[in-house]
There are 2 protein chains.
Amino acid sequence: MASLVVPDHFSADADAEGLFKACKGWGTNEKAIISILGHRTAAQRRDIRQSYEKLHQEDLVKRLESELSGDFEKAVYRWILDPADRDAVLVNVALKKPVQEYHVIIEISCMHSAEELLQVRRAYQLRYKCSMEEDVASLTTGDIRKLLVPLVSSYRYEGDEVNARLAKTEADILHDAIKDKALNHEEVIRILTTRSKLQLIATFNRFRDDKGTSITKGMLDEKPDEFASAVRTVIRCINDHKKYYEKVLRNAIKKLGTDEDAIIRVIVTRAEKDMNEIKEVYYKRNSITLDHAVAKETSGDYKDFLLTLLGNQG
Amino acid sequence: MASLVVPDHFSADADAEGLFKACKGWGTNEKAIISILGHRTAAQRRDIRQSYEKLHQEDLVKRLESELSGDFEKAVYRWILDPADRDAVLVNVALKKPVQEYHVIIEISCMHSAEELLQVRRAYQLRYKCSMEEDVASLTTGDIRKLLVPLVSSYRYEGDEVNARLAKTEADILHDAIKDKALNHEEVIRILTTRSKLQLIATFNRFRDDKGTSITKGMLDEKPDEFASAVRTVIRCINDHKKYYEKVLRNAIKKLGTDEDAIIRVIVTRAEKDMNEIKEVYYKRNSITLDHAVAKETSGDYKDFLLTLLGNQG
């Protein structure tokens, strides 16, 4: 369930006017911006952008960028974009960072349905005038590239056919690869990047049944290198993405200095989808509500905005 | 331009009835089947299938399969399916053959627009309950797999941005790979499977300008192995698919025994698209019309059907 709280009544023109007023003149009314945008669905945000453009011949996204700053600006910018467009931006930013953030690319490739991932690929082309797989392929190398290119290009089968015999064979292949420290074996990459998610979950279950340990625990034996971490991220995103997100949030919050990028990314991405379940998982694991933990680590308008997206009516 | 000739007036119910009559009782009226199906677009054929199903609670495709035989049956079967569904079948058949026909998979992956290829992937899932890339990945190995999986997964950029500097760099990479007989280098695969077609054509042109020979000629030095042939097919399909199809037809016709699969595939696939241009290229190269060449190598209803698709009103 979404954490986002959306009022029954909606008028794109009224919201566009509200945002125009909030930005007009000296100073910006951040509270007004939060009270509008923090309670609108993706479709409504798109309507508001269009109304704003029509009424004021100005791009609302650019206007807000010039009015806001810091983490608050980043969160609003990530939020106001269409989800597919936002993910395209996230992939591009992850690729262009001095230390590339493979986990962001993996998250976006594995979390989405086939159709959603396709939307991201379309948005990427529209924005960057090249294909997503083209950038991933030309900006990464070696084993990471062998994993990421098929991941971002995947259009997985989503029917409910699961082949139990195959799950056993492929659980064995994965097990051997872990044992031999040969995760970069092309069979491992083939399995993780092309099989349907249901089939993979059957394979992971079979791994646990046969080997007496979960596949992700099985991979923890030694300090993982960059590639092993990436493989582990793929498995965790497919196996239980809510637990995966809980851990991203936990690590981001407990990190010295807080990883704002990660917090923004997860909240903005999941607020309209299943944030309430992620909050439950978080509370179970940390004995503190996510809202409370976020409130402790953030401040000001940025904090108010995140808490609004998390469903706080405050 | 299409070679297919379609009358102005169309009634799916009348055609369904016509086909029902042609199949009823002893013997089949092949001429009637040809005169209907040989003059209908993909959308019309779909309407006819639906009408037939509605009127007779029977699958027209299955009925025709039981009425017809040999190459004629195969041609009608390939033709009556939705184009994306037919291509899904072609890929699957190519994968399952004792000697896999990589060129068919390459053709389908490279010839289509991004959106058309996606339709084929969707049709493949619907029909085979798994993804196309999943089957390609699990039924091929080695370098061929490294080439085919990204090809069938591609969703290439189709805008008109072309980077001339990149064309030069990548023409050099391709040239070095050919010179070093290292076509299986992952950079070659990356370039051919992810760059936009316009970008690739710029790269191939640059290759010719800089090296004084076309890239496909440059690859002809020695007897090519299976992988080099596959790479060459990719390049030829992207560079000039009409010339490519002309050669497929030429080889199929001059082959001892005639390669009916290839003839059917090309005619059925292109009749509604650009068969007239392919016929022109064929005539230029062979000094005999394609219709004439096909008529010489085929006979009976099969011949009549192919010639009808080629636009013969006879």
Review point. Straight-line reach from B:K243: which aspartates and glutamates have Cα under 15 Å away, leaving out those fewer than 8 places along the same chain?
Key: B:E107, B:D274, B:E277, B:E280
Check your understanding: Which whole-number percent is the relative contact order of segment B:83-153 (Cα, under 8 Å, 6+ apart)?
Key -> 33 percent
**Study point:** chain A: angle of helix A:83-96 to the longest principal axis, Cα-based, in degrees nearest 10
**Key:** 70 degrees
Review point. At A:E53, with labels set 7 Å past Cα in the Cβ direction, how many nm apart are the copies from this one, shortest first?
Key: 3.9
Check your understanding: Just which residue of chain B brings its Cβ nearest the axis of rotation onto chain A, and by how many angstrom, rounded whole?
Key -> B:S153, 2
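What FRET efficiency do you get for A:N163 and A:R208 if R0 is 25 Å and r is their Cβ-Cβ distance, rounded to the nearest 0.05? Walk me through the numbers on the way to the answer.
On the way: r = 18 Å, r/R0 = 0.71.
Step by step, r from the Cβ atoms, then E = 0.90.
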Study note, to complete from the structure: If labels are modelled 7 Å from Cα along the Cβ direction, B:G159 lies from its partners in the other copies at nm distances, smallest first, of 3.7
Practice item. Among the aspartates and glutamates, select those whose C-alpha is under 13 Å from the C-alpha of A:K303, and discard any that sit fewer than 8 residues away in the same chain. Key: A:E30, A:D71, A:E73, A:E260, A:D291
Review point. Amide H to amide H under 5 Å from A:S196: which residues, 5+ apart in sequence or cross-chain, H placed 1.01 Å off N in plane?
Key: A:Y157
**Study point:** q = 0.16, 0.17, 0.29 Å⁻¹, segment B:194-261: log10 I(q)/I(0) [Debye, one scatterer per Cα]
**Key:** -0.65, -0.72, -1.28
Revision key, fill the gap. Between the modelled labels at A:S11 and A:T289 (7 Å from Cα along Cα→Cβ) the distance in nm is 3.3 nm
Check your understanding: Hey, what do the phi angles of segment A:231-246 turn into as Karplus ³J(HN,Hα) couplings, whole Hz, using 6.51/-1.76/1.60 and θ = phi - 60°, x for Gly and Pro?
Key -> 4, 4, 4, 4, 4, 5, 4, 7, 6, 7, 5, 5, 4, 4, 5, 4
Review point. How crowded by other chains is A:174-183, given as the mean number of beta carbons from other chains within 10 Å of each beta carbon?
Key: 0
Point to revise | chain A: angle of helix A:114-128 to the longest principal axis, Cα-based, in degrees nearest 10 | key: 60 degrees
Review point. Hey, what's segment B:1-77 come to in accessible area per residue, 1.4 Å probe, Å²?
Key: 52 Å²
Review point. Measuring from label point to label point, each 7 Å out along Cα→Cβ, what is the B:A43 to A:K54 span in nm?
Key: 3.0 nm
Revision key, fill the gap. With a Förster distance of 45 angstrom and the Cβ-Cβ distance between B:E186 and A:E73, calculated FRET efficiency to the nearest 0.05 equals 0.70
Check your understanding: Given springs between every Cα pair under 10 Å in a Gaussian network model of chain B, which of B:L68, B:L118, B:L256 has the largest fluctuation?
Key -> B:L256
Check your understanding: Roughly what angle does helix A:260-270 make with the longest principal axis of chain A, taking Cα atoms, 0 to 90 degrees, to the nearest 10?
Key -> 90 degrees
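Note down the relative contact order for chain B as a percent, whole number, built from C-alpha pairs under 8 angstrom at least six residues apart. Spell out each step's value before the answer.
On the way: 360 pairs, mean separation 67.8, N = 314.
Result for chain B is 22 percent.
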Point to revise | Shielding by other protein chains, A:126-132, mean Cβ within 10 Å | key: 5
Exercise for review: Straight distance only, please: which aspartates and glutamates reach the Cα of B:K179 with their own Cα at less than 13 Å, same-chain residues fewer than 8 apart left out?
Suggested key: B:D221, B:E222
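Over 30 Å between Cα atoms: which of B:K21/B:K97; A:K279/B:K129; B:K96/B:K273; A:K74/A:K254; A:K97/A:K284 fall into that group?
On the way: B:K21/B:K97 36 Å; A:K279/B:K129 35 Å; B:K96/B:K273 27 Å; A:K74/A:K254 21 Å; A:K97/A:K284 34 Å.
Check vs 30 Å cut-off fails for B:K21/B:K97; A:K279/B:K129; A:K97/A:K284.
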Check your understanding: If you take the square roots of the eigenvalues of the alpha-carbon gyration tensor of segment B:256-314 and sort them as a ≥ b ≥ c, do you get rounded (a/c under 1.5), prolate (a/b over b/c) or oblate?
Key -> rounded
Practice item. Kindly write out, for segment B:176-182 in residue order, the coupling ³J(HN,Hα) from the Karplus curve 6.51 cos²θ - 1.76 cosθ + 1.60 (θ = phi - 60°), rounded to whole Hz, with x marking Gly and Pro. Key: 4, 5, 5, 4, 7, 6, 10
Check your understanding: Non-local amide H neighbours of A:K273 (under 5 Å, H modeled in plane, Pro and chain starts lacking H): which ones?
Key -> A:S3
**Study point:** In sequence order, calculated HN-Hα J values of segment A:154-162 (Karplus, 6.51, -1.76, 1.60; Hz; x Gly/Pro)
**Key:** 6, 9, 5, 5, 10, x, 9, 5, 10
Practice item. Sort shortest first the distances from A:D210 to its counterpart in every other copy, using label points 7 Å along the Cα-to-beta-carbon line, and give them in nm. Key: 4.8
Check your understanding: Taking chain A as a whole, which cysteines find no other cysteine Cβ under 4.7 angstrom from their Cβ?
Key -> A:C23, A:C130
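Could you calculate the FRET efficiency of A:Q313 with A:K21 from 1/(1 + (r/R0)^6), where r is the beta carbon distance between them and R0 is 22 Å, rounded to 0.05? Working shown, then result.
On the way: r = 23 Å, r/R0 = 1.03.
It comes to 0.45.
Which peptide among A:272-284, B:72-84 comes first, and what is the full order, when sorted by highest mean count of other Cβ atoms within 10 Å? It would help to have the intermediate numbers written out before the result.
Working: A:272-284: 18.7, B:72-84: 21.0.
Ranked from most to least packed, the peptides come out as B:72-84, A:272-284.
On average, how many beta carbons from a partner chain sit within 10 Å of the beta carbon of a residue in A:159-171? List each step's numbers first, then the result.
Values: counts 5, 1, 3, 1, 2, 0, 0, 2, 0, 0, 0, 1, 0.
Partner Cβ neighbours, averaged per residue: 1.
The values are calculated or read from the model by the stated rules, or taken from the named source; none is laboratory data. Quantities reported herein were computed from a predicted structural model and do not represent experimental measurements. Cβ sites come from the backbone with ideal geometry, for glycine too, and all protein chains shown count toward neighbours. Ligands, DNA and RNA are excluded from the accessible area calculation, which covers all protein heavy atoms including side chains. Shrake-Rupley method; radii C 1.70, N 1.55, O 1.52, S 1.80 Å.
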